[in-house]
1. Name every residue in the range A:37-47 that is facing chain B (nearest Cβ under 9 Å) and touching a residue at least 12 places away in the same chain (Cβ under 8 Å), in order of residue number.
2. Tell me which of these A:T5 doesn't satisfy, since it passes every other one: (1) part of a helix (DSSP H, G or I); (2) out of contact with any Lys or Arg (no Cβ under 8 Å at 6 or more places or on another chain); (3) surrounded by fewer than 21 Cβ atoms within 10 Å (Cβ to Cβ); (4) touching a residue at least 60 places away in the same chain (Cβ under 8 Å).
3. A:M141 fails exactly one of the following numbered conditions: (1) within 14 Å of another protein chain (Cβ to nearest Cβ); (2) touching a residue at least 40 places away in the same chain (Cβ under 8 Å); (3) outside any loop (DSSP other than H, G, I, E, B). What is the number of that condition?
4. Can you pull out the residues in the range A:9-36 that are among the polar types (S, T, N, Q) and facing another protein chain (nearest Cβ under 9 Å)?
5. Could you run through the range A:149-174 and say how many residues are of a type in the set (K, R), within 14 Å of chain B (Cβ to nearest Cβ) and surrounded by 15 or more Cβ atoms within 10 Å (Cβ to Cβ)?
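Each value in this text was obtained by applying a stated rule to the coordinates, not by laboratory testing. It should be emphasised that the depicted structure is a prediction, and the values quoted were computed from it without experimental measurement. For neighbour counting, all protein chains shown are included, and Cβ atoms are generated from backbone atoms with ideal geometry for every residue, glycine included.
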Amino acid sequence: MDGPTDKQRLDRDFTELYRSHLRDVYSYAYYRIGNHHDAEDLTEQTFLQAYRHFERAQRESDGRPLRPWLIRIAHNLAANYYRDRSRRPQTQLEDAAVISAPHLTEKLVEGREEVHEVLEGVSKLPDDRREALIMRFALDMDNREIARALGRSEGATKVLIHRAIRQLEESLKETATDE
Amino acid sequence: MSEVDVERLLRSALVPVEPSGALSDRLEERLAELTATAAEELADWELSSMRDPRNWARPVAAVMIGGAAAGALVVVRARQQHRKRESTGLRALEKSVRGVTADVQKRLSR
């Protein structure tokens, strides 16, 4: 860094990154961890860590978007969270879906059941498949972005998502048969 | 249920979640503190490094090393030029000796 002008530019760029992706990081953290309190902590830690390494990330990004880098930080912190506390994701996710996409009363009950089943199924998937689905559907990331966030190739990511959807499909069919 | 149905269900289940206003406020406050602290530390370090004579050692050493390097470069160039001059003088002498020899041989052959 050469002087205050660079520092100001860096802070301005970081503020922009923060504003553009706060919701993405929080959504990822929430669906990954399963409760608002820890998701807030994870989001906070993600941005603080991102701030510390922002200059280097920006320099090495070569103009590519930094969202995958940001989500990768959250992904690593979430892995530490589970390792340190020996926790598994919780399934309290229906509230988020209902709050964010309110329905009329009749549809609400029907919708909540469906949503609950899907989220239950997602929570039972292996970590990498669950994460790929969160990134694809909650964050609307494409294969390239997901691949960068997970440190995989685009081809491997495509296969991962396909398998995740197939596994969830089977799980939902089983649930329907049991009922 | 098909793959398309599952994707539709996933889209309706995994909707983006808005963070609370409290989180945004807290995070913005912490980031503002961090940037302010970083700027203050930088300014303080620059000022203190100028005021404290102990911090002058490094720039003085840099100047000395730079000066020595420049001096060494001057010496190396001077020596190179001297060698060049020396070699030019020797070649001229050799040439003139050859010329005299050739001239003597010519005269003797007559």
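1. A:A39, A:E40, A:T43, A:F47
2. Among (1) part of a helix (DSSP H, G or I); (2) out of contact with any Lys or Arg (no Cβ under 8 Å at 6 or more places or on another chain); (3) surrounded by fewer than 21 Cβ atoms within 10 Å (Cβ to Cβ); (4) touching a residue at least 60 places away in the same chain (Cβ under 8 Å), A:T5 violates only (4).
3. Only one criterion in (1) within 14 Å of another protein chain (Cβ to nearest Cβ); (2) touching a residue at least 40 places away in the same chain (Cβ under 8 Å); (3) outside any loop (DSSP other than H, G, I, E, B) is unmet by A:M141, namely (3).
4. A:T15, A:S27
5. 2
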